[in-house]
1. Between residue A:54 and residue A:164, what is the spin-label point distance in nm, taking each point 7 Å from the Cα along the Cα→C-beta axis?
2. Computed over the Cα atoms, what is the radius of gyration of chain B divided by 2.2 N^0.38 Å, N being its residue count?
3. Mind sorting B:106, B:187, B:146 by how few other Cβ atoms lie within 10 Å of their own Cβ, fewest first?
4. Suppose R0 equals 41 Å. What FRET efficiency, 1/(1 + (r/R0)^6) with r the Cβ-Cβ distance, do residue B:232 and residue B:1 give to the nearest 0.05?
5. Just from its helices, what would the mean residue ellipticity at 222 nm be for chain B, if runs of 4 or more DSSP H residues each count -39500 (n - 2.57) and the sum is divided by every residue, rounded to the nearest 500 deg cm²/dmol?
6. After finding the eigenvalues of the alpha carbon gyration tensor for region A:11-83, what semi-axes result from the square roots of 5 times each, listed largest first in whole Å?
7. For a quick check, take a GNM of chain B with Cα springs below 10 Å and name the residue from B:179, B:230, B:33 with the largest mean-square fluctuation.
8. So for region B:115-270: antiparallel DSSP bridges make up what percent, rounded to the nearest 5?
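Each value in this text was obtained by applying a stated rule to the coordinates, not by laboratory testing. Not measured: the values here are computed from a predicted model. All Cβ positions, glycine included, derive from the backbone under ideal geometry; neighbour counts span all protein chains shown.
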């Protein structure tokens, strides 16, 4: 318990900054919806000028046009998922490697606790951090939907299904970050790793949408958790999401085993 | 009773040798020195005892239990001070020490206060504002606050001024009187001589000798340098002199034996200068390191 509280305290500024900036980004985007919805016709005209592939690259979907409230919400989250993935990857790369990077391993790992207990305490701490961010983000999502809906209906169920699936999306980046951090010798810059992971998978997914490549879509969690799907079908994209779930489970197990066996070298 | 028992402990980092066939024991209540040049394998050996790294072969028993298998249990009674100390920079000293104490079952708050007073450590400062020597003091306090039965010190004196060093040695001696066993790794012979009962000498990952400090002291060479004129006369070619280098202006040699014998010869000469010094570790263990 002492470790869990300690790790959570270490992350407190991170919780505040991420929750705040994600919320501001969300509300900022959503606040423009009333302007778009007033000019639907002009907007549709404008968009028809662009090739389908171009629109697909930016996550726009003809089944759920972004001139409608839920389509606009989906588009907002298509972009918001990038920083959300970076946040989770950040925690993943950071949490198991921080002791070695900041050379405090000789302190923590020589205490009378097992590596397993350290792993669990750290994992619970980052999970709590992600969940706290989510609670705030969920509240902001509904608040902004109702605030800026301009008379359109909110797809309550679809929104819930999407937001719930987002937790799995975050677990994907958390677990992959963790497993990479114990595979490599040293994570020198957490942000460099997590940005590469977040943007990398986003680009894979966007290319997949653009060239309609199923292989690329299967590779990237951004397409497994594409917000358009739950908002249209009111259920998760199980055919794709199970791939992410397998990766999550394998990553957690592998990172646990590798962390237990890791040699912590001195300077 | 043995507190530490190495059993053919071997560690390779890939192809690189860390330490090989380490096989010695430390008895309860001993202050045991562990000496060798940098990179000889001292830290590797010590880090295996704390399950920071895992052995390639062999094992080490601490309190008669396997150090890896029963690591968390064993570490309840180990205090460890690494050679380089790093702590969570943004914390206050007292918060760090209390966090450290929270891993042990008994209350350590009084002990923190006493140790901090002895080491003259300000508990209310942030760790990032501390000098290297002060960080080292934090290390000492956090290593001893739970009154461990086994104290492992990995080159602990770097960064401490001579006065603090003496206070620290005093502290270690008191802990030893209380019943704690101490493993003291160092590359400075005089430190080990001052504190330890026995010493293991490590070279290129292997233990090459284990000696009583008493015999080591009797064995100790003096390094003698004399300066003057016309000294190249072969008067120093006696038993106990080694590495003799004679020139007209200057003569240097190592001497082991009855000092009076050598003083008599020296007193018969007219000199400009005389230096008698403790040989360095490398010099004294020359025969090991040749």
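1. Distance between label points: 3.9 nm.
2. Working: Rg = 22.4 Å, N = 290, 2.2 N^0.38 = 19.0 Å.
Ratio of Cα Rg to 2.2 N^0.38 Å: 1.18.
3. Numbers: B:106 9, B:187 19, B:146 22.
Fewest to most other Cβ atoms nearby, the residues stand as B:106, B:187, B:146.
4. Numbers: r = 57 Å, r/R0 = 1.39.
Step by step, r from the Cβ atoms, then E = 0.10.
5. Values: 11 runs with 92 residues, N = 290.
Per the formula, -8500 deg cm²/dmol.
6. Numbers: eigenvalues 156, 40, 13 Å².
So the three semi-axes of region A:11-83 are 28, 14, 8 Å.
7. B:230
8. Working: 16 of 21 bridges.
So the antiparallel bridges in region B:115-270 amount to around 75 percent.
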